[in-house]
Amino acid sequence: MTKYEVPENLGIEQKVYSKWLSQKADSLRKRNKKKDGLKCGSTGEYKGAIHKAVMKSVGVDFYIGEKLDWSLLCKYNSEDARKGGVEYMKKFAKLPTVDHYFGARSCISTFLSLPLI
């Protein structure tokens with residue numbers, strides 16, 4: 001049993017979810033630290049905030065309520081995107097992404113949405 005169990009309604013393997021969660025948490029933390037010089041908590045705190053957003057989302061977009069395609073996690077490839085351009089990126093239109101903002105009490109408030117393509 002892992003600390004952040006993948007919600008059953010997402011239909012993906014724990015291994016994929018754990019990899020994505022770690023990558024997103026680490027990426028956001030590093031970006032915030034570099035961009036703003038803020039000490040916004042540990043990678044574990046970011047993981048917790050992202051996982052909470054996943055649980056709250058029930059698999060749909062925060063803004064428009066459209067179902068996200070969780071099977072796309074960890075499949076996007078920057079090199080393929082560069083070669084394939086817009087046609088490649090269209091395949092990932094429903095890829096879940098993590099938006100976050102600096103709230104009054106936390107710098108890692110998160111929600112899930114569709115990427116802007």
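The values are calculated or read from the model by the stated rules, or taken from the named source; none is laboratory data. These numbers come from a predicted model, not from an experiment. All Cβ positions, even for glycine, are placed from backbone atoms using ideal geometry, and neighbour counts span all protein chains on display.
Every condition in (1) surrounded by 13 or more Cβ atoms within 10 Å (Cβ to Cβ); (2) among the hydroxyl-bearing types (Ser, Thr, Tyr); (3) at pLDDT below 90 is met by Tyr88 except one, and the failing one is (3). Restricting attention to the range 76-85, the residues that are surrounded by 13 or more Cβ atoms within 10 Å (Cβ to Cβ) and either among the hydroxyl-bearing types (Ser, Thr, Tyr) or not in a helix (DSSP H, G or I) (or both) total 1. Whenever a residue of the range 52-67 is within 20 Å of Ser22 (Cα to Cα), its partners that are among the β-branched types (Val, Ile, Thr), lying with C-beta atoms within less than 6 angstrom and at least six residues away or across chains, give the pairs Ala53/Thr110. The requirement of being touching a Gly at 6+ places or on another chain (Cβ under 6 Å) and of a type in the set (S, T, N, Q) is fulfilled somewhere in the range 1-18, by at least one residue. When residues in the range 55-68 are screened for being of a type outside the set (S, T, N, Q) and touching a Phe, Trp or Tyr at 6+ places or on another chain (Cβ under 8 Å), 3 of them pass. Screening the candidates Ser42, Ser22 for the property of being among the hydroxyl-bearing types (Ser, Thr, Tyr) and at pLDDT below 90 yields one hit, Ser42.
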